[in-house]
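What follows is a single structure, written as structure tokens, with notes after it.
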Amino acid sequence: CIKKVLLASPPDGGWGWMIVVGCFLVTICTRAVTRCISIFFVEFQTYFAQDYARTAWIHSIADCATMLCAPLGSFISNHLSCQVGIMLGGLLASAGLILSSFATSLEHLYFSLGVLTGLGFALCYSPAIAMVGKYFNKKKALAYGIAMSGSGIGTFILAPVVQLLIEQFSWRGALLILGGFVLNLCVCGALMRPITLKEDHKHSPEFLEQEYVSEAQKQDLKQLSSCSPLFKAWSHECLCCCSWQEYNFFLMPDFLVLAVSVLFMAYGCSPLFVYLVPYALSVGVSHQQAAFLMSILGVIDIVGNITFGWLTDRRCLKKYRYVCYLFAVGMDGLCCLFLPVLQSFPMLVPFSFTFGYFDGAYVTLMPVVTADVVGTASLSSALGVVYFLHALPYLVSPPIAGWLVDTTSSYTASFILCGFSMIFSSTLLCFARLAKKIKRTQLRSLTRDTDTKQQNWTNGTAAYSVSGDLDQKDVKILATEANSYSNR
């Protein structure tokens with residue numbers, strides 16, 4: 001049995017920094033490795049003699065399975081432990097990559113590299129991210145910035161390494177080596193020491209086992225539970241209530257708007273990581289330079305992770321995290337719109353810088369914004385749902401982009417569609433924010449007017465009472481009318 005640490009509030013340090021290191025390594029082994037699958041794109045296409053659309057399904061299924069099964073990762077983390085979930089995920093992901101090295105068809109890769117590896121990554125990704133949120137409060141954005149930068153630094157290191165492995169050992173040998181590499185997820189899982197906050201544990205079924213419940217209380221409650229059917233019914237009701245509270249964020253309008261915007265954001269960002277290397281090769285860039293573009297994107301991603309995380313933890317910007325998030329998503333959309341006119345290596349380098357920076361920014365802020373909307377207690381479940389919503393766009397967007405490339409013999413339509421999708425996601429959040437602000441202003445104005453009228457009623461009643469024109473009964477009637485008017 002894994003002993004959980006019980007604290008009144010997030011420690012904002014201590015073992016939390018080891019959790020950040022563990023999450024950093026998880027993002028390297030999951031998101032960076034998934035991005036590097038695009039380097040195999042041309043190899044798979046040439047070896048199996050298939051078109052863009054069919055080959056793109058490999059990356060789509062891997063991304064989709066990772067996000068689609070994110071709630072499963074949250075469920076295992078909540079009901080067993082984060083350690084068990086991540087270790088199991090590491091074993092599945094490694095098995096998927098190793099089996100992929102023996103593939104004889106694209107369908108084989110759809111299952112091994114897509115479904116099996118994606119499922120393994122799903123069991124690791126969202127629980128590791130949620131653990132950071134449980135250990136940090138004041139320094140949450142900075143902690144997430146460091147943890148999520150693993151995606152960028154992993155891409156920077158792995159992209160040229162994977163290209164070198166393909167040249168030296170073929171794509172089969174490269175996948176076999178990657179299979180051994182992602183076994184490090186099991187080590188990351190061992191770092192994830194469970195933590196339980198008192199406010200999250202008040203109505204838990206394990207309440208009687210906690211140290212802060214006195215022995216006398218434990219004995220009284222155990223006696224009640226053994227002899228009172230009413231107490232048993234109440235315990236069952238509390239358990240059901242706790243299960244519902246895990247997912248009560250579905251009733252929050254802010255979360256629903258965020259969820260819809262995530263669908264469009266995910267549709268826009270996925271194809272670029274699949275087609276940046278093939279696009280660069282199509283405009284005459286060499287294989288090593290194309291892989292280097294992914295490395296640049298990865299290392300600038302780190303800068304975006306850490307700088308946006310640090311900046312949005314400052315007191316002056318802390319309340320503008322939501323605005324910073326939608327700004328970063330919008331800027332990435334603009335980058336996609338300009339990509340079709342960049343047709344040489346010197347012009348693609350600034351694109352990799354800009355897109356990578358803002359990609360790192362919004363990836364860091366996504367769990368922070370989600371935590372601000374739903375609270376820390378529901379963060380693991382909410383993140384599972386948010387990453388689940390990435391699944392469908394990740395599944396369909398690369399094949400649709402590939403179909404557009406096959407149909408038009410150009411990447412222009414694909415990149416423009418991605419750009420407008422991300423801009424729409426940002427615009428939707430912006431309008432929702434403005435609508436909420438206007439509504440809040442109107443409510444304040446209405447409350448102020450109501451308070452003024454209530455005060456006038458009260459003052460008038462007092463004046464009449466003092467002058468003797470009204471008896472005590474009339475005063476009570478007027479006071480009741482004033483209260484009922486203010487409650488409207």
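A few remarks follow.
- For trypsin sites (Lys or Arg not before Pro), the sites in the stretch 74-148 that DSSP calls loop and that have at most 16 other Cβ atoms within 10 Å are LYS138.
- Taking the square roots of five times each eigenvalue of the Cα gyration tensor of the stretch 250-319, the equivalent ellipsoid has semi-axes of 33, 20, 6 Å, listed largest first.
- Accessible surface for SER286 stands near 50 Å², nearest 10, in the context of the full protein assembly shown (1.4 Å probe).
- Flagged links, alpha-carbon separation over 19 Å, of LYS138/LYS437; LYS138/LYS436; LYS319/LYS436; LYS138/LYS439; LYS138/LYS318: LYS138/LYS437; LYS138/LYS436; LYS138/LYS439
- Gyration tensor verdict on the stretch 287-355 (Cα atoms; rounded if a/c is under 1.5, prolate if a/b is larger than b/c, oblate otherwise): oblate
- Cut-off 20 Å, label 7 Å out along Cα→Cβ of LEU164, residues of the stretch 273-302 by amide N: 286-300
- Simple spin-label estimate for ASN248 and TRP15 in nanometres, 7 Å along Cα-Cβ: 2.9 nm
- Within the shell defined by Cβ-Cβ distances under 11 Å, the residues around ASP406 carry a net charge of 0, with Lys and Arg each +1 and Asp and Glu each -1.
- In terms of the mean number of neighbouring beta-carbon atoms within 10 Å, the peptides 98-110, 323-335 order highest first as 323-335, 98-110.
- Percent RCO, i.e. relative contact order, over the stretch 66-186, from Cα pairs under 8 Å lying at least 6 residues apart: 38 percent
- Where labels lie 7 Å past Cα in the beta-carbon direction, separation of PHE431 and ASP406 in nm: 3.4 nm
- Residue separation of ARG440 and ASN184 scaled by 0.36 nm, minus their Cα-Cα distance, works out to 87.3 nm of gained length.
- Within-11-Å neighbourhood charge of GLY298 [Cβ basis; K, R +1; D, E -1]: 0
- If you plug the beta carbon distance of ASP51 and PHE102 into 1/(1 + (r/R0)^6) with R0 = 30 Å, you get a FRET efficiency near 0.80.
The values are calculated or read from the model by the stated rules, or taken from the named source; none is laboratory data. Nothing here was measured: the structure is a model prediction, and the numbers come from that model. Positions of Cβ are generated from backbone atoms using ideal geometry, with glycine treated the same way; all protein chains shown enter the neighbour counts. The protein model used for the area step is the full one, side chains on, heavy atoms only, and it has no ligands, DNA or RNA in it. Shrake-Rupley method; radii C 1.70, N 1.55, O 1.52, S 1.80 Å.
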